[in-house]
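Take a look at the structure below.
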């Protein structure tokens, strides 16, 4: 759940930063256009004053208004593109949130299974130590039994050879 929260926070932060960058760029363009518009408005104001003084000055004012219109259209176009970009980003972020939310339950299951496996491994390690201890004791007993069997075999061979010699000797006293 913590990873999902971090991922969601990171994705929202990134989307906010991208949105701010887009708006900052568009606001910068809008600001430049606005300054240009202010400069043109001053020109128009002066031209209007001049026009009031004389009709021959109306031509330059009309030209200045016509010159500013494409820039206003450009601002509207930039705002429309920014709106579309933010809409697409919102859709993609929602898809990311949905995908992260759908992975929450499987991840919790995996963590639970991992914890259970670790517990079982710890229990098995204790049992393995007991088995190892028992096998060590059995090995020591088997080695002791092997030595005793070797001794018995040697004694058996000695007894066998003495019996064979005894069978070859004549009977005394009887």
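Read-outs: derived from the displayed coordinates by stated rules, not from any lab. Quick caveat, the model's predicted, so the values are computed rather than measured.
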- Task: With springs connecting C-alpha atoms under 10 Å apart, model the chain as a Gaussian network and identify which of 128, 79, 153 has the largest mean-square fluctuation.
- Result: 153
- Using the Kirkwood radius over Cα pairs, work out the Stokes-Einstein diffusion coefficient for region 2-120 at 37 °C and 0.692 mPa s, in µm²/s as a whole number. 173 µm²/s
- Message: What do you get for the angle between helix 2-53 and the principal long axis of the chain? Use alpha-carbon atoms, 0 to 90 degrees, nearest ten.
- Response: 10 degrees
- Item | Candidates 18, 123, 72, ranked by Gaussian network fluctuation over the chain, Cα under 10 Å, top entry | 123
- So what's the angle, to the nearest 10 degrees on a 0 to 90 scale, between helix 58-168 and the longest Cα principal axis of the chain? 0 degrees
- Could you work out how far the C-alpha centroid of region 1-16 sits from that of region 104-174, in angstrom? 60 Å
- Message: Given the -39500 (n - 2.57) contribution per DSSP H run of 4+ residues, what per-residue ellipticity at 222 nm results for the chain, rounded to the nearest 500 deg cm²/dmol?
- Response: -36000 deg cm²/dmol
- Query: Which residue fluctuates the most in the chain, going by a Gaussian network model with Cα springs under 10 Å, if the choices are 28, 161, 132?
  - Reply: 161
